[in-house]
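S.K.: Take a look at the following structure, please.
The values are calculated or read from the model by the stated rules, or taken from the named source; none is laboratory data. On a predicted model such as this, the values are computed, not experimentally measured, just so you know. Every residue, glycine as well, gets a Cβ built from its backbone with ideal geometry; the counts of neighbours run over all protein chains shown.
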Protein chains: 2
Amino acid sequence: MNHPTEPKADKSGVRRHNLSLVLRTVHEAGETTRAAVAARVGLTRPAVSSLVEQLLDLGFLVESGKTFSGQAGRPGTVLKPADTGPAGLGVEINVDYVTVCVVDLTGTDRVRRTEHLDNRDADAAGVLARAAHIAAEALEAAAALRLAPAGAGLALPGLVSGGSVRQAPNLGWNEVPAETLFAEALTELRPGTAGLPLTSDNEANMAALAELWFGELGDLRTFLHLTGEIGVGGAIVVHGELLRGAHGFAGEIGHLAVDAEGPRCRCGSRGCLEQYAGQAALLAAAGADDVPDLARRAEAGEPRALAALAEAGRMLGRALSGAVNLLDPEAVVLGGIYPHLLAWLTPALTAELAARAVSGLWTPDAGRLRPASTTTDASRGAAALVLHDVLADPLAYATPIGG
Amino acid sequence: MNHPTEPKADKSGVRRHNLSLVLRTVHEAGETTRAAVAARVGLTRPAVSSLVEQLLDLGFLVESGKTFSGQAGRPGTVLKPADTGPAGLGVEINVDYVTVCVVDLTGTDRVRRTEHLDNRDADAAGVLARAAHIAAEALEAAAALRLAPAGAGLALPGLVSGGSVRQAPNLGWNEVPAETLFAEALTELRPGTAGLPLTSDNEANMAALAELWFGELGDLRTFLHLTGEIGVGGAIVVHGELLRGAHGFAGEIGHLAVDAEGPRCRCGSRGCLEQYAGQAALLAAAGADDVPDLARRAEAGEPRALAALAEAGRMLGRALSGAVNLLDPEAVVLGGIYPHLLAWLTPALTAELAARAVSGLWTPDAGRLRPASTTTDASRGAAALVLHDVLADPLAYATPIGG
């Protein structure tokens, strides 16, 4: 709506905006033509051509010599996002691993490194330095692919705001300036990354973003996203946007009390969901070494493993029925370790949801309870946040910062 | 931001929008001058004068002969929203009462009727006909004040969508077409209301809207709003907007399980918050006749009353700590019966929140747990929804529908 007090955007602002519009349109299409872009965004063909030329010059787009007949408009040269140039660096620091990935403008995961570590109660600066070391190696591999980081996203467990981990019970961290520590360590290893834009968020939020960007959600835009790790992370997505709450801390479903008198949790409360459905609790209850071992034992019908999974499913169902009653999501997406265990978690989980969610709020339709995509994780979500910024204002990233 | 595909608003559309802008500005100010409106909305003084004249002619604004010196600009004739003409009819149907109010454009509650009824398991059509009867009386009183309804808002317990109550466990209603039944009954009593625009929502959502419009929230815009009635209603407000969820059913905190093995609830689950902190459960546990009686008994130190209130506070704290962990609100606002009982509920409630909310998510700052304003309720919120529509497009309401 036209608003009389809205200042008129100046011409360079409009062009900047339109560069983003064209780049986002090509990104969403994967491959397309100038004519199709013009039809889609409602600009004239010459205007689109001029914008496309600039994006080609700056290395955000590439064209292939081939032509094809689209459904509408004349055949044209194929436009695609570049698979070189600006890329998103995604870094996930979790309780028992660090994952780093470099994602190019096409959305493809080009470099990936995972290191299993025990970060529980480890020195925060040391863990972040180790993450920076893995990131530096990944950036070296990315440079060989002619990819340079446009920024880095950090996915961190616990309460994250203002670039710091305020509180991460499972790591034992309090008020850790994660962005600063990571940037200092990375700059020492790769001086070219000095000044690299950094962004950080809770790992569950980042995993939900990855699902939105790279997953197989179809039209689904309002959902709860749980990630089973040592902790149980939660993210709330409403109409395609993360619900962050007043301080950015929303989604802590792992600390919903499912049994008020249950075992003590590292957060100080009792009977939190994590104490039943978190990875450590579940493996201990099942007597299993790791998730593949747990799945093997369940597959073999081992009663202890089956009982632990049923109990975890029951407690997941209790917590989820509370969250469903509060939030009325279209679906619940289970990520982390859960997709591998869903067959054994589901019966108790769905029974509990059926009994406890207000019935109009939850019907057991196909697709309402679903595993996260196997190609998404929090590190990809962290990289996607960087790509989002590049797509929103490509000119701001036109001189790639060396990695 | 200028978007190249955005259609240019035509002139009559712009004038219509600006009429709304001026009316909203006067409404928010309570009283003001043409000069202050012009400064506020960024239109020229002649443009504002022309818009004001039209709003005066249509009866949305009045001017008083007096002048005053504002902080900025020259003294001028005082402009105010009219206290005659279009008004909002608000109707709250709850388990044990029906309340109707008529609110004028200044936001003042001009007519109010409450009737205590036992609607539990009563015939839905009969309850809605009774509500229409009370509304017809209220409209007759409003007509004597030269107020005509611009629309009616219905505040209903349970899950409400598309003008119907999908499910209201405490009423025993399922798939009740509330708007249609109400409109039919009202039109029979007051034929002039035929075609009156109707809107409906959950009563807890309406109560939260009333708090936003008429309460004393200050800058608070992200909060949980609980209303203690027979049921316990919940509404989630994020950045000043109701969070409605995928189907409009979000906020059902009354059916969060606070003790998985607790007493059976009318919703089919066990140990729901309502079974401890709902009005019926609380009065039964305390052996009290009504809320004033309960307050008297607590005041007198009666152990049974104090124990029931402590238990209700503890269970409220359990449910709220889960909701706080999920939603990260700035504050929790307690309405309905709770403001009258807060002194006895608070100790157990805050202890439970301190123990169970992730500590970064809840600090016991002043104002984070607060009673709802005594001048707000769901019927006022329902009327506010009507006023919101009038303020958004006054021309659409320029020929008031007779009441």
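S.K.: When the stretch A:341-393 is examined, which residues are found to be surrounded by fewer than 23 Cβ atoms within 10 Å (Cβ to Cβ), among the acidic types (Asp, Glu) and either outside the structural domain of A:Leu294 (by TED's automatic domain parsing) or in contact (Cβ under 8 Å) with a residue 40 or more places away in the chain (or both)?
M.R.: A:Asp389, A:Asp393
S.K.: Another question, if that's okay. Where in the stretch B:264-372 are there helices (runs of 4 or more DSSP H), lying wholly inside it, with at least 1 residues that are closer than 30 Å to A:Phe249 by Cα?
M.R.: Hits in the stretch B:264-372: B:274-277, B:303-327, B:342-356.
S.K.: Among the small types (Gly, Ala, Ser), within 26 Å of B:Leu224 (Cα to Cα) and either in contact with a Phe, Trp or Tyr (Cβ under 7 Å, 6 or more places away or on another chain) or surrounded by 24 or more Cβ atoms within 10 Å (Cβ to Cβ) (or both): does that describe A:Ala312?
M.R.: No, not satisfied.
S.K.: Determine which single condition A:Arg112 fails, assuming it passes every other condition in (1) at pLDDT below 95; (2) within 30 Å of A:Phe60 (Cβ to Cβ).
M.R.: Tallying (1) at pLDDT below 95; (2) within 30 Å of A:Phe60 (Cβ to Cβ), A:Arg112 fails exactly one: (1).
S.K.: If A:Ala277 meets every condition in (1) crowded, with 19+ Cβ neighbours inside 10 Å; (2) within 14 Å of chain B (Cβ to nearest Cβ) apart from one, which number is that one?
M.R.: Of the numbered conditions (1) crowded, with 19+ Cβ neighbours inside 10 Å; (2) within 14 Å of chain B (Cβ to nearest Cβ), the odd one out for A:Ala277 is (2).
S.K.: Okay, next question. Within the stretch B:118-163, can you find the residues that are within 14 Å of another protein chain (Cβ to nearest Cβ) and crowded, with 17+ Cβ neighbours inside 10 Å?
M.R.: Correct list: B:Leu156, B:Pro157, B:Gly158, B:Leu159, B:Val160.
S.K.: For A:Val95, which of the numbered conditions (1) at pLDDT 95 or above; (2) more than 11 Å from chain B (Cβ to nearest Cβ) fails to hold?
M.R.: Condition not satisfied by A:Val95: (1).
S.K.: Restricting attention to the stretch B:18-60, which residues are more than 14 Å from every other protein chain (Cβ to nearest Cβ) and more than 13 Å from B:Lys80 (Cα to Cα)?
M.R.: B:Ala35, B:Ser49, B:Gln54, B:Asp57, B:Leu58
S.K.: For the stretch B:352-382, name all the residues that are touching a Phe, Trp or Tyr at 6+ places or on another chain (Cβ under 9 Å), among the aliphatic types (A, V, I, L, M) and within 14 Å of chain A (Cβ to nearest Cβ).
M.R.: Scanning the stretch B:352-382 gives B:Leu353, B:Ala354, B:Val358, B:Leu361.
S.K.: A further question follows. Determine if the stretch A:11-27 includes at least one residue that is modelled with pLDDT under 95, out of contact with any strand residue (DSSP E or B) (no Cβ under 7 Å at 6 or more places or on another chain) and in a loop (DSSP other than H, G, I, E, B).
M.R.: No, the stretch A:11-27 contains no residue that is modelled with pLDDT under 95, out of contact with any strand residue (DSSP E or B) (no Cβ under 7 Å at 6 or more places or on another chain) and in a loop (DSSP other than H, G, I, E, B).
S.K.: For the stretch A:176-192, does any single residue satisfy the condition of being of a type outside the set (Gly, Ala, Ser) and within 14 Å of another protein chain (Cβ to nearest Cβ)?
M.R.: yes
S.K.: Also, quick follow-up: Go through the stretch A:198-255 and give me each residue that's polar (S, T, N, Q) and either facing chain B (nearest Cβ under 10 Å) or within 18 Å of A:Arg370 (Cα to Cα) (or both).
M.R.: Answer for the stretch A:198-255, where residues must be polar (S, T, N, Q) and either facing chain B (nearest Cβ under 10 Å) or within 18 Å of A:Arg370 (Cα to Cα) (or both): A:Asn205, A:Thr222, A:Thr227.
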